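Structure, as structure tokens:
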Amino acid sequence: MSSISRAFLRRSIYSLTCCAWLALPAAHALDLKSADLRDHGALGSQQVLNGFGCQGGDQSPQLTWSDPPAGTKSFVVTVYDPDAPTGSGWWHWVVYDIPADVRSLAAGAGAAAGAGTLPPGAHPGRNDFGTLAFGGACPPAGDKPHRYVVSVHALKVEKLPVPAAPSGAMVGFMVHANALGSARLTATYGR
């Protein structure tokens, strides 16, 4: 094959590859936003625990998500502190079986049983304070600021196969087995 033929062939393959790539539909990534949190910002006093020496509003943040992956059948929302001095982190909030048509949770949705505003069908999991509610940030005094990872997970199942009031770790295990996509915001807090 002549060098002209090879050059033509390479240009043709390159052109076809570029055209095929441009013809692919744009991929959408699950997106998470909050009126109460800024990614890589500090937590506000509303998301700080009111107890254990901390004084805050102990209120779950407002969350809105969009662009779930195709095939999403439910969502899970979690708030987790990987820096807690427990050896396994700290689950502050777990909400599972959020219906696929829901795209937001209001501020305070994680209030104690009966006072929160979780969507119909959604269930609270047990946090590491031992409650079925949102528990705010309260790292040990003098510790470096802790990270609070707020996540929404799109799942391929409508209901998680978990017992009532599951732990955050159990929900986390099931999320990883059924996730289609995730988005997160990380805020920090120290005292």
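The values are calculated or read from the model by the stated rules, or taken from the named source; none is laboratory data. These figures come from a predicted structure and were not determined experimentally. In this analysis, Cβ positions are derived from the backbone assuming ideal geometry, glycine residues included, and neighbour counts consider all displayed protein chains.
Given the condition of a type in the set (Val, Ile, Thr), in contact with a strand residue (DSSP E or B) (Cβ under 6 Å, 6 or more places away or on another chain), assigned to a strand (DSSP E or B) and at pLDDT 95 or above, answer yes or no: does some residue in region 161-176 qualify? Write out each step before concluding.
The first filter runs over region 161-176 and keeps only residues of a type in the set (Val, Ile, Thr), leaving 162, 171, 175.
Now narrow it down to the ones that are in contact with a strand residue (DSSP E or B) (Cβ under 6 Å, 6 or more places away or on another chain): 171, 175.
Add one more test, that the residue is assigned to a strand (DSSP E or B), and what stays is none.
Within region 161-176, not a single residue is of a type in the set (Val, Ile, Thr), in contact with a strand residue (DSSP E or B) (Cβ under 6 Å, 6 or more places away or on another chain), assigned to a strand (DSSP E or B) and at pLDDT 95 or above.
Restricting attention to region 35-50, and to residues there that are in contact (Cβ under 8 Å) with a residue 60 or more places away in the chain and within 17 Å of Trp93 (Cα to Cα), which single residue is surrounded by the most Cβ atoms within 10 Å (Cβ to Cβ)? I'd like the intermediate steps shown before the answer.
Of the residues in region 35-50, the ones in contact (Cβ under 8 Å) with a residue 60 or more places away in the chain are 35-43, 46-50.
With the extra rule that they be within 17 Å of Trp93 (Cα to Cα), the set shrinks to 36-37, 43, 46-50.
Numbers: Asp36: 17, Leu37: 23, Leu43: 23, Gln46: 17, Gln47: 27, Val48: 20, Leu49: 20, Asn50: 14.
Taking the candidates together, the pick is Gln47.
Residues to consider are Pro99, Pro119, Pro85, Pro145; find the one that is in contact with a strand residue (DSSP E or B) (Cβ under 8 Å, 6 or more places away or on another chain), within 19 Å of Ala187 (Cα to Cα) and surrounded by fewer than 20 Cβ atoms within 10 Å (Cβ to Cβ).
On the way: Pro99 fails: within 19 Å of Ala187 (Cα to Cα); Pro119 fails: within 19 Å of Ala187 (Cα to Cα); Pro85 fails: in contact with a strand residue (DSSP E or B) (Cβ under 8 Å, 6 or more places away or on another chain).
Only one candidate qualifies: Pro145.
Where the second residue is β-branched (Val, Ile, Thr) and in a strand (DSSP E or B) and the first is buried (at least 16 other Cβ atoms within 10 Å of the Cβ) and lies in region 172-185, which pairs have Cβ atoms under 6 Å and are six or more apart or on separate chains?
From residues that are buried (at least 16 other Cβ atoms within 10 Å of the Cβ), the pairs are Val175/Val76; Ala183/Val152; Leu185/Val150.
Kindly establish whether Gly89 is at pLDDT below 95 and either acidic (Asp, Glu) or on the phi > 0 side of the Ramachandran plot (or both). It would help to see each step written out before you state the result.
Working: at pLDDT below 95: no; either acidic (Asp, Glu) or on the phi > 0 side of the Ramachandran plot (or both): yes.
So Gly89 does not fit the description; no.
Just one of (1) surrounded by 15 or more Cβ atoms within 10 Å (Cβ to Cβ); (2) modelled with pLDDT under 95 trips up Asp128, so point out which.
So Asp128 meets the others, but not (2).
Applying the selection to region 32-84, what residues are in contact with a Leu (Cβ under 6 Å, 6 or more places away or on another chain), in a strand (DSSP E or B) and under 22 Å from Arg126 (Cα atoms)?
Hits for region 32-84 are Leu63, Ser74.
For region 51-82, which residues satisfy the criterion of being among the aliphatic types (A, V, I, L, M) and either over 12 Å from the mean Cα position of the chain (by Cα) or surrounded by fewer than 17 Cβ atoms within 10 Å (Cβ to Cβ) (or both)?
Ala70 - this is the single residue of region 51-82 that is among the aliphatic types (A, V, I, L, M) and either over 12 Å from the mean Cα position of the chain (by Cα) or surrounded by fewer than 17 Cβ atoms within 10 Å (Cβ to Cβ) (or both).
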